Amino acid sequence: MTYQLNDKVKDLIPYDAVAGDYKIRLDANESFINPGTQFQEEILSAVAGIELNRYPDSKATELCRKFAAFYGVDPERVVAGNGSDELITVILGAFLRPQDKLLLFSPDFSMYQFYGVTYEKEGIVVEKNTELVLTADLAIEAIEKAKPQAVVLSNPCSPTSLVISRDDAEKIVRSTDALVIIDEAYMEFSDQSIMDLTTAYDNLIILKTCSKALGLAAIRLGFAVSSKSIINALHCVRSPYNVNGLTQAVGCVIFSHPEYIRQAAAEIKKSRDYLYQEFLKFQGENQMIRIMKPETNFLFVEMKDAELIYTELKKESIIVRRLGDFLRITAGTKEENDSLVEALGKIFRRLEE
């Protein structure tokens, strides 16, 4: 007798992370700044002090305290996770029952829908308007119609790079008794956070990651900020010791340098703005349709033939992310940005010949 996978998982396709060696990688929205270089001695000292034969602090108490101090929130309202992805899966898996309705918007981070399907939620996906903007009115109308148990969205949005205003985000939360999960992974590059409102609304969860502005993608570290009752429940349903000792140690080092975090975010925004201005010069090119004004560390560009441009850039050993008719392009170093712009210019000229 042969074991058969159930229908839920047997035809799943793994997340498409680009593999291979490329001269310039602008595909994963990572930071081009490596804090491991600047704080190498502190990190090595912190890691050397770990008792590898012992389990780490189950609640990551010191790490959550430092995170809370940086963002100005109560540490009792914070839980750490093995990346914000782990926290999303725990929330959807434990806070929602099978067949509960999960309201999502498109385009948005693809893994929200994937996790919803995996945990057998009834996914309801509402398309954003033609400008790819999620307005409060559109969201509230969708909530009133679907009557979901939970709503998930990213703000600023991955992949569109657009941000919902603080007022609109609050209107969405205020409009419903459903759980509203807002992923603020890219909010260091904008200024519309509603993390402080987790004290005012007991149905709001804010997710944060250390993979973007903090440049800590390798250690897989994320946080959830919410009401004390939700955080207490998260502690009950998450895995014990879910954040390993190495990650806790490195995270504590970086959060001990708040000025570095602010400076790194400012440097990344400067790179993004430079790249955006360079791309504006391409407007009018036959291949360029539109470019969104970004509030993230990446650009979102609609192309006439995105697959062709993606392939031509790969030939130049430059990798970006293709999402349908769009290219999502991470802001890199000045040299990486200039190499990308130069390569695109050559590709556009060649296609016009």
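Any read-out appearing in this document is the output of simple, stated calculations on the displayed coordinates, not a laboratory observation. These numbers were taken from a predicted model, which means no experiment stands behind them. Cβ sites come from the backbone with ideal geometry, for glycine too, and all protein chains shown count toward neighbours.
Ranked by the mean number of other Cβ atoms within 10 Å of their residues, highest first, the peptides 42-49, 205-212, 143-150 fall in the order 205-212, 143-150, 42-49. For the chain, the antiparallel share of DSSP beta bridges with both residues in that region comes to about 50%. For the residue pairs K101/K147; K8/K208; K23/K314; K128/K212; K23/K293, the C-alpha atoms sit more than 18 angstrom apart in K8/K208; K128/K212; K23/K293. Model label points for E51 and Y201, set 7 angstrom from Cα along the Cα-to-Cβ axis, are 4.3 nm apart. First measure r as the distance between the Cβ atoms of E335 and A94, then evaluate 1/(1 + (r/R0)^6) with R0 = 35 Å and state the FRET efficiency to the nearest 0.05. According to the calculation, E is roughly 0.15.
The Cα center of the stretch 73-106 and the Cα center of the stretch 291-353 differ in position by 33 Å.
Relative to one another, the C-alpha centroids of the stretch 1-71 and the stretch 185-238 are positioned 16 Å apart. For the chain, averaging the sequence separation of C-alpha pairs within contact (under 8 Å, six or more residues apart) and dividing by the residue count gives a relative contact order of 23 percent.
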